[in-house]
Amino acid sequence: MHHAKGEFEVKITPQPLGGPAEDAKLARMSIEKEFKGDLAGTGKGQMLTAGTDTKGSAVYVAIETVSATLAGRKGTFALHHRGIMTRGEPDLAVTVVPDSGTGELVGLTGTLRILIEEGKHRYEFEYSLPELP
């Protein structure tokens, strides 16, 4: 496994919900990211969230496509986010969607950890990438 670290900036924009899911506790947002560091590029995606009546409890799921350079190799890949907050205790998993890598990132697998400290977003990416032919 390889490790990549860096920072990212994120812009989250509320979007309208569609269909019968319209509810004050549900929300949909677009995501735009700029990754810096060992993973350099952009991410674009969609997020769905649900809040509860209990303070500090909520859930989100998201899918984003990342177009970037990683270890000197260019391509795209998709990330799947699953975040659960139980009365303030977070449980977050962000994984590379299987077989989503393109270009020089074909075969990419891994997990990305998001860290937020003093309002700054950082990532730690543990990944595997096959050798180029």
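Neighbours of residue 12 by Cβ distance under 10 Å: Lys/Arg scored +1, Asp/Glu scored -1, total +1. Shape class of region 1-71 from the alpha-carbon gyration tensor: prolate, with a/c at 1.5 or above and a/b greater than b/c.
Under the criterion of Cα pairs below 8 Å and six or more residues apart, the relative contact order for the chain equals 21 percent. Once you list every other residue whose beta carbon is under 12 Å from the beta carbon of residue 101, what net charge do they have if Lys and Arg are +1 and Asp and Glu are -1? Once positives and negatives cancel, what remains is 0.
Each label was represented as a point 7 Å from its Cα along the Cα-to-Cβ direction; for residue 10 and residue 118 these points are 2.0 nm apart. Here's the picture: charge each Lys and Arg Cβ at +1 and each Asp and Glu Cβ at -1 in the chain, and of 59, 132, 110 the one pushed furthest to the positive end of that dipole is 59.
Exposure check, 1.4 Å probe, all protein chains in place: residue 61 carries approximately 70 Å² of accessible surface.
What are the trypsin sites (Lys or Arg not before Pro) within region 46-104 that DSSP puts in a loop, where the Cβ has at most 12 other Cβ atoms within 10 Å?
On the way: sites: 55, 73, 74, 82, 87; in loops: 55, 87.
Answer by residue number: 55, 87.
Summary of packing: across the peptides 46-53, 64-71, the per-residue average of other C-beta atoms within 10 Å ranks them, highest first, as 64-71, 46-53.
The values are calculated or read from the model by the stated rules, or taken from the named source; none is laboratory data. Model, not experiment: these values are computed from the prediction. All Cβ positions, even for glycine, are placed from backbone atoms using ideal geometry, and neighbour counts span all protein chains on display. Just the protein is used for accessible areas: all its heavy atoms, side chains included, with ligands, DNA and RNA removed. Shrake-Rupley method; radii C 1.70, N 1.55, O 1.52, S 1.80 Å.
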